[in-house]
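Structure, as structure tokens:
The values are calculated or read from the model by the stated rules, or taken from the named source; none is laboratory data. Just so we're clear, the structure is a prediction, and the values are computed from it rather than from any experiment. Positions of Cβ are generated from backbone atoms using ideal geometry, with glycine treated the same way; all protein chains shown enter the neighbour counts.
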Amino acid sequence: MLEASSGVSRVRRRVVFFCWSLCVLLPALASAQTPTVTAMWDPSPSPQVSHYEVCIGTASLSCNIQFASVDASRTSYEFAPPAGQLVHVAVRALNSRGRGAFSTEQRFSIPSFAAPNNRSSAANAPISPIDMSVIDPDASPLTFTHTGLPLGVRMHRRTGRITGTPIGAGTHDVTIFVSDGLKTVSRSFLWSVTSGATGDVTPPTFTITSHASGLVVTSARQTIRGTATDSGTGGSGIRALRVNGQSAKGGTVSASKTATWSQTITLSSGSNTITVDAVDGAGNIQMQQFTLLLGGSSNNTSSGSGSSSGPLAITGLTSNLASPQGAGTTVTFFTGATGGRGPYQFKWFIFDGVSWTVASDWSSATTLAWRPTRRGASRIGVWARDATTIADVGNVAASVPFTVKAGSAAQLQTPSSAPVGAPTPASGPLTITGLTSNLASPQSAGTSVTFFTAATGGRGPYQFKWFIFDGVSWTVARDWSSATTLAWRPTTRAGYRIGVWARDATTKADVGNVATSVPFKVRAAGIGE
């Protein structure tokens, strides 16, 4: 109730108003740059109401934002509250006898949303999580939505956090919307996704610290240890580190940090080929192989490059259609193998920018028919193994990038019926055709050994970079040049690997388009094996 006095007579009269309340606050139709709300209330039952007074403030009945007079014929008032502040709103009725009491206050706030900065990211490289800067003091549940985020990037509906891996280059006009149920506020920014030299195409690096290749052990249970990092021009983190196809403990790490990994395996009697591979967050793969001998002399060492046919090698990975192709188009990939001990088996994989999935399990099939249904940057990978391996692991591996663009409705509904033909070698990707030596492993320290390599496909001329792994670290034996041979004269007994990178005329960066390596054992000078 409220009390008022009459100015007509000296006799004080009590005038009783029935209580009524401020009913609701509703969003008004206004642009995002001028967020407004509408206060609505029930008509006062009091007689002869002349008008209403609306008090809007940052504290209870302070009216320091606005104090408005509203005609009695209206029961609503539209105003623009300050964003990010708790606002108090109350209303009271007036007539000729005086003012009534204010209604129960309504307290609310609308979100204050700082505009995100324009961004630039590399395609196929995971982004650091992005959090929205939103202030809403009344603690209303917030809902986030968006338009225009790059493919491969997602936003959490409740927290607004943006995560993921952008796929494909381009500039995106992004708008983020945040709603507290009363008002929706939006902010826009530009997001540029770059490719090429700024994208992560650098494989991770790792070192096997526990064993040297060719080591003779007496226990079947062996723990393989090492370190891995994606530092330098990579920086996408280590997503997986596997030993013979098994995920190693401690084999994941973010950004440019170093992972210390380990995995225990069981050896078979005689020579065992151990395969270790690391995958970074951008899908780049690095792989090494080495041998361990259980319960036998070094005469049992695997033939490797000393065999007449050379080590197992993938001879190429090509497709009948060049990248890019529209979604819904069937693309057939071809591969093959040489060296090692036949028959060969192949396992096919597809990388969609986030994770690898098996497209075709182990079989003798040297082709893969792939019909992508969504656009983006992908990679097609293949493992190969020969008759010496039955574990779910490739002795050698290769992968190629392939971009899928938006396809027509007809492409997405009907598989392509175009004839599939084998590509000509001249149109295929750059491939190392082999890595052999003039002397078989092992050799004595002080012996000069010459290694030979060659390349095909891609676009000539080719360049090669040679490396030596001494069981602890890789060192450059010869920098980039056209030399297809390396003369090496080891002075220390150890299990080594000789590696080579190859690049063609399309690449000037210090990175191999393709790479391979072979083991080579050096014994003490003058001592027989």
*Look at residue 256 and say whether it is at pLDDT 75 or above, surrounded by fewer than 15 Cβ atoms within 10 Å (Cβ to Cβ), on the phi < 0 side of the Ramachandran plot and polar (S, T, N, Q).*
yes
_Pair list, Cβ < 6 Å and 6+ apart or interchain, from segment 131-144 residues that are outside the structural domain of residue 87 (by TED's automatic domain parsing) to residues that are part of a strand (DSSP E or B)_ = 134/113; 134/178; 135/112; 138/108; 142/178; 143/179; 144/155; 144/178
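Take the residues in segment 333-357 that are more than 17 Å from residue 400 (Cβ to Cβ) and of a type outside the set (Ser, Thr, Tyr), then tell me which one is surrounded by the fewest Cβ atoms within 10 Å (Cβ to Cβ).
Filtering segment 333-357 for residues more than 17 Å from residue 400 (Cβ to Cβ) gives 338-345, 354-355.
Next, only the ones that are of a type outside the set (Ser, Thr, Tyr) stay: 339-343, 345, 354.
Values: 339: 25, 340: 23, 341: 14, 342: 13, 343: 8, 345: 20, 354: 16.
For segment 333-357, the residue satisfying everything is 343.
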*Could you tell me which numbered condition residue 144 fails, if it satisfies all but one of (1) assigned to a loop (DSSP other than H, G, I, E, B); (2) at pLDDT 90 or above; (3) within 30 Å of residue 235 (Cα to Cα)?*
(1)
*asked:* Is it the case, given these coordinates, that residue 220 is in contact with a Leu (Cβ under 6 Å, 6 or more places away or on another chain), surrounded by fewer than 22 Cβ atoms within 10 Å (Cβ to Cβ) and at pLDDT 85 or above?
replied: yes
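With the structure loaded, tell me whether residue 205 is crowded, with 17+ Cβ neighbours inside 10 Å, hydroxyl-bearing (Ser, Thr, Tyr) and touching a strand residue (DSSP E or B) at 6+ places or on another chain (Cβ under 8 Å) or whether it fails that test.
Numbers: crowded, with 17+ Cβ neighbours inside 10 Å: yes; hydroxyl-bearing (Ser, Thr, Tyr): yes; touching a strand residue (DSSP E or B) at 6+ places or on another chain (Cβ under 8 Å): yes.
In short, yes.
Within segment 468-527, considering only strands (runs of 3 or more DSSP E) that don't extend past its boundaries, which have at least 1 residues that are closer than 13 Å to residue 213 by Cα? Walk me through how you get there before you give the answer.
On the way: elements: 474-481, 485-488, 494-503, 514-523.
In segment 468-527, 494-503, 514-523 are the strands (runs of 3 or more DSSP E) which contain 1 or more residues that are closer than 13 Å to residue 213 by Cα.
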*Mind counting the residues in segment 78-111 that are without any contact (Cβ under 8 Å) to a residue 60 or more places away in the chain and closer than 30 Å to residue 133 by Cα?*
11
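Can you confirm whether residue 334 is part of a strand (DSSP E or B), touching a Gly at 6+ places or on another chain (Cβ under 9 Å) and touching a residue at least 60 places away in the same chain (Cβ under 8 Å)? Steps first, answer last, please.
Details: part of a strand (DSSP E or B): yes; touching a Gly at 6+ places or on another chain (Cβ under 9 Å): yes; touching a residue at least 60 places away in the same chain (Cβ under 8 Å): yes.
Judged against the criteria, residue 334 is a match.
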*List, please: which pairs have Cβ atoms under 8 Å, are six or more places apart or on different chains, and start with a residue in segment 51-74 that is farther than 15 Å from residue 86 by Cβ and end with one that is among the hydrophobic types (A, V, I, L, M, F, W, C) and assigned to a loop (DSSP other than H, G, I, E, B)?*
51/72; 52/72; 72/49
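Conditions tested, residue by residue: (1) closer than 23 Å to residue 351 by Cβ; (2) of a type in the set (Ser, Thr, Tyr).
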residue	(1), (2)
214	no, no
228	yes, no
236	yes, yes
245	yes, no
248	yes, no
254	yes, yes
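In segment 259-275, how many residues are surrounded by fewer than 19 Cβ atoms within 10 Å (Cβ to Cβ) and over 22 Å from residue 497 (Cα atoms)?
First, the residues of segment 259-275 that are surrounded by fewer than 19 Cβ atoms within 10 Å (Cβ to Cβ): 260, 262, 264-270.
Still in the list and also over 22 Å from residue 497 (Cα atoms): 264, 266, 268-269.
Residues meeting the conditions: 4.
Taking the options 126, 81, 116, 47, name whichever one is out of contact with any helix residue (DSSP H, G or I) (no Cβ under 6 Å at 6 or more places or on another chain), surrounded by fewer than 17 Cβ atoms within 10 Å (Cβ to Cβ) and part of a loop (DSSP other than H, G, I, E, B).
Numbers: 126 fails: surrounded by fewer than 17 Cβ atoms within 10 Å (Cβ to Cβ); 81 fails: surrounded by fewer than 17 Cβ atoms within 10 Å (Cβ to Cβ); 116 fails: surrounded by fewer than 17 Cβ atoms within 10 Å (Cβ to Cβ).
Being out of contact with any helix residue (DSSP H, G or I) (no Cβ under 6 Å at 6 or more places or on another chain), surrounded by fewer than 17 Cβ atoms within 10 Å (Cβ to Cβ) and part of a loop (DSSP other than H, G, I, E, B) holds for just one of 126, 81, 116, 47, which is 47.
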*Index of the failed condition, residue 189 passing every other in (1) surrounded by fewer than 16 Cβ atoms within 10 Å (Cβ to Cβ); (2) modelled with pLDDT under 85*: (2)
